[in-house]
1. Given +1 on the Cβ of Lys and Arg, -1 on the Cβ of Asp and Glu, and no further charges, what dipole in debye does the stretch 62-202 carry about its Cα centre, rounded to the nearest 20?
2. Given the Cα-Cα distance of residue 340 and residue 237 and 0.36 nm per residue of separation, how much length would full extension add, in nm?
3. Compute the helix-to-body angle for 149-162: its Cα long axis versus the longest principal axis of the chain, expressed 0 to 90° and rounded to tens.
4. So for the chain, taking the charge dipole from beta-carbon charges (+1 Lys/Arg, -1 Asp/Glu), which of 494, 178, 136 sits furthest toward the positive end?
5. Can you report the principal axis dimensions of the chain using only the alpha carbons, biggest first, rounded to whole angstrom?
6. Under a Cβ-Cβ cut-off of 14 Å, what is the net charge of the residues other than residue 135 that fall near it, where Lys and Arg count +1 and Asp and Glu count -1?
7. Compute the angle between helix 53-65 and the longest alpha-carbon principal axis of the chain, please, reported from 0 to 90 degrees and rounded to the nearest 10.
8. Show the residues, 5+ positions off or on another chain, whose built amide H is closer than 5 Å to the amide H of residue 457.
Amino acid sequence: MSTDKLIIFDTTLRDGEQSPGASMTRDEKVRIAKALERMRVDVIEAGFPIASPGDFEAVQAVARAVSESTVCGLARALDKDIDRAGEALKPAAASRIHTFIATSPIHMQMKLRMEPEQVLEQAVHAVKRARGFTDNVEFSPEDAGRSEIDFLCRIIEAVIDAGATTVNIPDTVGYNLPHQFGELIRTLIERVPNSDRAVFSVHCHNDLGLAVGNSLSAVLNGARQVECTINGLGERAGNAALEEVVMTVQTRQDIFPCNTGLDASRIMTCSRLVSGITGFAVQPNKAIVGVNAFAHESGIHQDGVLKSRETYEIMRAQDVGWAANRIVLGKHSGRNAFRTRLQDLGIELGSEEELNDAFARFKELADKKHEIFDEDLQALVTESGLEAGNDWVKLVALKVCSETGEIPNAAVTLWIDGEEQPATASGSGPVDATFRAIEKLVDSGTELQLYSVNNITSGTDSQGEVTVRLYLDGRIVNGQGADTDIVIASAKAYVNGLNKIIRRQEREHPQLGDV
C-alpha cells in the first residue's frame, strides 16, 4: 500500500502566540523556527505581518533564517494585509501566503456585515492578489465548522480556480465532533469539482478537547495537511498538539494511509524550548511531552514493562527525544563539551558572545548544583535570551530575611537606566516583600495575574523556574526566571516581565483575526 505525505503546518509562532501572555520577541521566534526546521516541519507560519511593525520584522527575520521549511505569513482577505505579507516573505527560500475570510452565517452577518456573494468575491480577489507574490497560496474559510456546506463548496471551488494550492478547513471555535468533521472533509473533497488541484488541510481548536481527534478524523477522510502547534499552544483552549498528531499517525500506520517526514526525536527539544520562552508549563500528564508520559507508578505496570516494554508502552521514549541518561555535565566540564551538548540538544547560539554568556552562566550554576541536566541547559539558554542588552531594569542584588514569627523583609538593588538604586520592603512572605521592594523603585502600575513555580529537575538542588504574568493597560506579558534560589528566580521573573511591559518593544497582542 502506498503511503501519502501528510504535511505538517506549524502555527506556534502565529496562533500559539495569540495565547494571552505568550508574545515572543523576534529573536525568540527565530530560535523556535530554527528548531522546527531541524525537526523537518514542512510549513512554519511565522506570524501576522500586518499586526504591527514588530510582527512584520519577526516574519521577515524567520524568512531569512529558515531555508529548509516553507515560511508562511497570515493575511486577511484585504489588499493591505496581503501586500504586507508578501513584503515580509520576500527573503524566504520558499514562501506561502495564507489568506482567510469568514464564511459561517453568524460571522458574515455579525462580524463582517457582508452578503455571501461579497465574501466569495473578496476571497477570489485575495487569492489572485496573493498569487502575485507566490505560487504557494493557502485559503481558509474561517469558521468553516459552522458554515453551510453548499456555500463552502462554492467558495472552495472558486478559490481553487483563482489559484489556491491549499484549502484549509478550520474548526475555529472547536465546535465539531470527530465523526462530523471527518464527514465534512470527505464531502467537500467529493463535491468540489476541482478538489484534486489543491491539498485539503485542517486547523482545529481545542475548546471541547477534540482538536487532535478532529484533525485525525479529517486525515482519515482525505485531508493531507494538519495545522498544529507545539504543546497544543493557542488561543483559548489551544490548538491540535503537533506531537500528538505526529506520533498518532506514526504509531498507527496500520490505520493511516499517510505519514509525516518529521524527525520525531526532536519533539522534546521543541517542547521545552516553547515552554521556556512562553512560560507556559507543560502539565505532567500531557501526552508525549509530559514528564509522566513514560513513567510507571503501578506495580503491575512496572512489572510488565520490565519484562517487555511493549506491554504498557506503545512507543519508545527515545523516539520523541526523551534521553535515558540526562545527566551530562558538571563543574569541571569544558567549553567544548558544553557547546557540543547544546548542539546535541538542537540548541544553536547565534554568536560567540552568546556562547560566552551561556557558558559563564553554566559555570555559575555548576558551582551551586553538582549535576547539570539537559533541562537545566534548556533553562539556562532561555534565561540568557531573556536578558536583552537594552533592558530598562536589571537585578543587581537581593537580600531577604524570613524567620518564624517575624514579618519577612527584602532589600533589593536594581540597575535602572544606567544607575544602581536600592530599596527595602516588607511583605506577607519573602517573594511578596521582594516584589514590593522592586515596585518601590519602578512604580510600574502593573497587576500580577499569575505566579507559578515549577522545578526544572528533581532533587532539593533543582533549579526553580518561575513564571509571572503581568497586566497593564490591556496588555499581558509573561516574565520568566530560573535559579536554585526560588526567591531570586522570582525576582528575575518579575524584572523580566517589567522589561517586556514597560519598554513596549514587543507588538501588541495579536487579535486581528484567526482561523
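1. Working: 16 positive and 20 negative charges, 86 e Å.
Once rounded to the nearest 20, the dipole reads 420 debye.
2. Values: separation 103, 0.36 × 103 = 37.08 nm, distance 3.74 nm.
Extra length available between residue 340 and residue 237 comes to 33.3 nm.
3. For helix 149-162, the angle is close to 90 degrees.
4. Value computed over the given set: 136.
5. On the principal axes, the chain reaches 74, 58, 44 Å in Cα extent.
6. Values: positive: 96, 128, 129, 131, 197; negative: 138.
Counting the neighbours of residue 135, the net charge comes to +4.
7. The angle comes out near 80 degrees.
8. Close amide H contacts, sequence-distant or interchain: 463.
Read the figures in this text as sums done on the coordinates, not as results from a lab. All of these numbers come straight from a predicted model, not from anything done at the bench. Don't worry about glycine lacking a Cβ; one is built from the backbone with ideal geometry, like all the others, and counts go over all protein chains shown.
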